[in-house]
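Let me begin by presenting the structure, written as structure tokens, before commenting on it.
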Amino acid sequence: MHRDLTWYANRQQTRARRFLQSNNLVRRFDMRSILDHVRGVLNQTRSAAVARDALHLAFNLTRASGFGKVDLKDLGLRVPSAGGLWIAATSCYFSAGWPPDTNGDDLSAIGGTPEDRSPELRALGERLLTSPDKVVGASGDLKLWTRFLREIGVREVIALANVTDERRIFGQELVQWRLAQVTGLPDTVLSLWRALLPKGSTAAHPLTEYKALSRLFWLPGQSDWERLTDRVRGALARQILIGLKGLWGKDALTTTWEKDRQYNKDSVAVPTPLRAFLTHTAWLPVQRPGQPGSELVPPGRCWTFPVHTDRGENGPPRFAPLLTRSMRELLDDNSVGVERLRSLGVGVWGSDSDAARLVRHLGDLAASDAVAEVHGSQFQAMYRAAWAACATSGQVPFPATALSYLVADVGGVATPLPVEAVRDGSEPLTLVVASAEDDKSLLRLLADFHRPVLMVDGDVERVVALLRRRLGAQIVAAADVALAVLVNGTAFESGATWPPYP
């Protein structure tokens with residue numbers, strides 16, 4: 001508008017101003033109004049030149065006014081893809097050449113998957129952002145452009161594929177056979193998902209219809225996992241971990257079905273196809289001590305160790321396989337990521353919640369001769385800490401239905417003793433539970449006579465109580481052990497007269 005126009009007369013808006021504003025003939029000259037105008041122009045054309053100009057105008061406006069003041073994702077800005085097309089920023093991914101924290105190298109590796117290995121991942125490759133020099137230019141600020149591209153919606157983690165289940169299902173039918181009748185899932189995705197679906201319903205209202213509150217999610221390329229290269233699987237594993245840390249929504253692993261009524265709400269949680277894949281597939285890289293490289297294992301066979309205690313004497317075990325160091329650093333003890341991994345089956349070393357599982361795991365390692373003598377002291381310290389956590393939380397480590405191992409001191413040697421599954425005629429395990437505060441003479445005698453002793457750090461009575469719940473009353477505390485000297489099978493009494501030995 002011309003600067004000589006008069007907008008006010010005696011502090012009142014002029015008739016001209018009221019006319020122009022009421023008929024939407026003029027707008028305020030500020031960043032929000034200009035960006036609204038940009039949105040309108042982009043909606044009316046597919047011109048690459050217009051898309052380029054709009055992108056640079058928006059960048060210059062936000063750089064001058066400050067990032068974060070306007071939500072830029074709904075402007076409809078387009079960016080240049082590696083294939084030369086201008087595509088919506090919200091459907092585009094960073095690529096190789098952009099800063100490392102954009103995950104561009106991994107996304108390029110994934111997107112470079114050949115069509116015959118994974119059509120889904122190949123399609124992702126068509127949505128990779130072009131190289132920085134073609135966006136930023138030789139004199140541009142890469143850091144500012146990266147931040148701007150994030151704000152307009154360019155992605156750094158793979159978007160999950162999904163379908164909407166629009167059915168209404170009676171509560172009693174929220175079970176495997178009915179849920180698996182959904183349409184839109186690839187056959188291999190559906191097959192794996194079906195195996196994880198519940199066979200019995202937990203709905204409180206079996207004869208009332210329920211509706212899904214969220215979509216069914218799965219990972220692009222999960223059907224083709226076995227055909228992918230090691231490099232692509234590694235890149236996908238890192239993408240999964242980043243997604244689990246929070247970039248994937250809370251419904252990524254669980255679909256909630258809610259009673260379709262306005263009163264007496266009830267909900268039922270159903271695992272998504274993504275959870276089925278992440279639970280059963282070997283996708284987590286684990287490194288074994290002293291061995292180069294890594295192997296992929298399912299979550300149920302994986303342990304992680306907190307990064308914040310990953311150094312010094314309280315560092316990770318030197319005798320046990322763990323999630324690789326690079327993946328642990330990528331996880332960075334993120335609370336959302338840790339809880340999601342735990343829900344998939346990953347154990348967290350040193351966590352009170354996983355103490356009973358850790359006692360069993362350590363027993364299995366000892367039974368398989370995985371603990372070298374040089375690591376014996378670290379093993380014992382971790383074993384005692386796990387038992388202390390069990391005592392505090394009241395967890396019984398040994399299930400009644402499976403073989404486990406209890407590591408006891410027998411004659412000064414750490415010895416794994418089998419704890420058999422409960423069955424008729426099973427041999428009871430006799431054991432003395434002791435701590436460093438117990439009588440040293442007693443402990444020495446128990447060692448000399450090769451009596452199994454479980455050494456714990458305090459809480460002896462609690463540990464005895466836990467073990468008795470599973471193994472019986474023959475488990476005793478060292479303080480309750482009474483020494484007796486037998487002579488010819490009779491308890492020795494110092495004041496009595498005994499016949500001489502022949």
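Ignoring everything except DSSP H segments at least 4 long, calculate the 222 nm mean residue ellipticity for the chain; use -39,500 (n - 2.57) per segment, divide by total residues, nearest 500.
Working: 17 runs with 172 residues, N = 502.
It comes out at -10000 deg cm²/dmol, rounded to the nearest 500.
Close amide H partners of residue 322, meaning residues 5 or more places away or on another chain with modelled amide H under 5 Å apart, are 287. Label point of residue 436 set 7 angstrom out along Cα-Cβ; within the range 347-385, amide nitrogens under 14 Å from it belong to 377-378, 380-385.
Longer than 26 Å from Cα to Cα, which of 211/245; 211/250; 73/143; 199/265; 143/245; 199/259 are they? Say none if no pair is.
On the way: 211/245 28 Å; 211/250 18 Å; 73/143 19 Å; 199/265 22 Å; 143/245 23 Å; 199/259 19 Å.
Listed pairs above 26 Å: 211/245.
What's the longest piece of the chain with no exposed trypsin sites (Lys or Arg not before Pro), counting a site as exposed if DSSP puts it in a loop and it has at most 11 other beta carbons within 10 Å? Value returned for the longest uninterrupted segment is 70-198.
Between the amide H of residue 170 and those of 210, distances stay under 5 Å, these residues lying 5 or more places away or on another chain, with hydrogens modeled in the peptide plane. When you restrict to C-alpha pairs under 8 Å that are six or more residues apart and normalise by the size of the range 291-365, the relative contact order lands at 38 percent.
Take the chain with all the other protein chains still there, run a 1.4 Å probe, and you get 54 Å² of accessible area per residue.
Based only on Cα atoms, what mean projected area does the convex hull of the chain have, in nm²? Before the final figure, lay out each step's value.
On the way: hull surface 163.5 nm².
Across all orientations, the chain yields a mean hull projection of 40.9 nm².
Along the range 239-256 the Karplus relation, 6.51 cos²θ - 1.76 cosθ + 1.60 evaluated at θ = phi - 60°, assigns HN-Hα couplings of 5, 4, 4, 5, x, 5, 6, x, 6, 8, x, 5, 8, 4, 9, 9, 9, 9 Hz to successive residues, with x for each Gly and Pro. Using heavy atoms of the protein chains and a probe of 1.4 Å, the accessible area assigned to residue 382 is about 30 Å². So what's the gap between the Cα centers of the range 129-153 and the range 318-389, to the nearest angstrom? Rounded to whole Å, the Cα centres lie 42 Å apart.
Scanning residues 5 or more positions from residue 297 or on other chains, those with amide H under 5 Å from its amide H are 283, 284, 286, with H placed 1.01 Å from N in the peptide plane.
Structural descriptor for the chain: relative contact order 8 percent, calculated from alpha carbon pairs under 8 angstrom and at least 6 residues apart. The relative contact order of the range 222-278, computed from alpha carbon pairs under 8 Å that lie at least 6 residues apart in sequence, is 27 percent. 3J(HN,Hα) couplings calculated from phi for the range 350-367 with the Karplus curve 6.51 cos²θ - 1.76 cosθ + 1.60 (θ = phi - 60°) are, in sequence order, x, 7, 4, 5, 10, 5, 5, 5, 5, 4, 5, 4, 5, x, 5, 4, 5, 5 Hz; Gly and Pro show x.
The values are calculated or read from the model by the stated rules, or taken from the named source; none is laboratory data. Owing to the predicted nature of the structure, the values given are computational and were not obtained by experimental measurement. Don't worry about glycine lacking a Cβ; one is built from the backbone with ideal geometry, like all the others, and counts go over all protein chains shown. For the accessible areas, the whole protein counts, side chains as well, though only heavy atoms, and no ligand, DNA or RNA atoms are used. Shrake-Rupley method; radii C 1.70, N 1.55, O 1.52, S 1.80 Å.
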